[in-house]
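Trainee: Sharing a structure here in structure tokens format.
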Amino acid sequence: MTSRKTFAPLPGLDTVQTHELLTRADTLQEEASRVVSDLRLLEHLGHHGEVVQLGSSISGLMTWRAIDFSFYSPGINAEAV
């Protein structure tokens, strides 16, 4: 993940606030990518069904730590996982 080099101030924010917000989003995005990769979450969850990472960790609009997934596996139960 690369940091944003140029940006226009976001509505209602000055340039410094915009820079701080976008820097935080980039940092959180990189952290989320490392967590998913280091824990091999897609691989592990994929053994049990169809998994898709979604939400702010994919869109690049992170404002807090959250990694969202959609998971579909007909007939699976907690004991199987």
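No value in this document is a laboratory result; all are computed from the given coordinates. Remember, predicted model here, so these are calculated numbers, not experimental data. With ideal geometry, Cβ positions are generated from the backbone for all residues, glycine too; neighbour counts draw on all protein chains shown.
Trainee: Just to be sure I follow: if Rg is taken over the C-alpha atoms of region 6-64 and Rh is the Kirkwood radius over the same atoms, what is Rg/Rh?
Mentor: 1.14
Trainee: Just going by the charge dipole of the chain, with Lys and Arg at +1 and Asp and Glu at -1 on Cβ, which of SER59, ALA78, HIS47 is farthest out on the positive end?
Mentor: SER59
Trainee: Pick out, in residue order, every one of the trypsin sites (Lys or Arg not before Pro) in region 26-68 that is DSSP loop and has at most 15 other C-beta atoms within 10 Å; say none if there are none.
Mentor: Sparse-neighbourhood loop trypsin sites (Lys or Arg not before Pro): ARG40, ARG65.
Trainee: For THR18, THR23, which order do you get if you count the other beta carbons within 10 Å of each Cβ and list the fewest first?
Mentor: THR23, THR18
Trainee: For the chain, find the longest principal axis of its Cα atoms and tell me its angle to the long axis of helix 15-38, 0 to 90°, nearest 10.
Mentor: Tilt of helix 15-38: around 20 degrees.
Trainee: When the helices in the chain are scored as -39500 (n - 2.57) per DSSP H run of 4 or longer and the sum is shared across all residues, what 222 nm value do you end up with, to the nearest 500 deg cm²/dmol? Walk me through the numbers on the way to the answer.
Mentor: Values: 3 runs with 34 residues, N = 81.
-13000 deg cm²/dmol, from helical runs alone.
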